Amino acid sequence: MSLGPGENEVRKLQSTGGSTFTVSLPKPWVLAQGLNARDSLRMDWRPSGALRVTPLDASESVIQKVFFSTNKLPENSLHDHLMGAYISGADE
């Protein structure tokens, strides 16, 4: 199904973790915006309840950093914490 300006389609919400849900973006929209995987998007929760998604300009790009205090992590859990940070969108 091809999606164009002024059209709409239904997408299913998917649970991807204990507190996270995802919805896939239509590929034609992603391509029209010139986006690539791991690019940042602004999520604007409107008073009406609508959620507006807009690409960030390159100058507005957000880098999400994660810091771990390894002396406070349980033994052999660093890999799990790194994977969780990656899945959550951490860049560094």
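Values in this text are rule-based calculations from the coordinates and carry no lab data. Computed from a predicted model, the values in this text were never measured in an experiment. Using ideal geometry, Cβ is built from the backbone for each residue, glycine included, and neighbour counts are taken over all protein chains shown.
Summed over the range 69-92, the residues that are over 22 Å from residue 38 (Cα atoms), of a type outside the set (Ser, Thr, Tyr) and surrounded by 11 or more Cβ atoms within 10 Å (Cβ to Cβ) give a count of 2. Of all the numbered requirements in (1) assigned to a strand (DSSP E or B); (2) in contact with a helix residue (DSSP H, G or I) (Cβ under 6 Å, 6 or more places away or on another chain), residue 66 misses one, and that requirement is (1). Within the range 22-36, one or more residues are of a type in the set (A, V, I, L, M), in contact (Cβ under 8 Å) with a residue 24 or more places away in the chain and outside any helix (DSSP H, G or I). For the range 73-88, does any single residue satisfy the condition of being in contact with a Ser or Thr (Cβ under 9 Å, 6 or more places away or on another chain) and either on the phi > 0 side of the Ramachandran plot or acidic (Asp, Glu) (or both)? The answer is no, given that none of the residues of the range 73-88 is in contact with a Ser or Thr (Cβ under 9 Å, 6 or more places away or on another chain) and either on the phi > 0 side of the Ramachandran plot or acidic (Asp, Glu) (or both). Of all the residues in the range 12-51, those that are basic (Lys, Arg), more than 13 Å from the chain's Cα centre (by Cα) and surrounded by 10 or more Cβ atoms within 10 Å (Cβ to Cβ) number 1. Every condition in (1) within 29 Å of residue 80 (Cα to Cα); (2) charged (D, E, K, R); (3) touching a Lys or Arg at 6+ places or on another chain (Cβ under 8 Å) holds for residue 39 except the one numbered (3).
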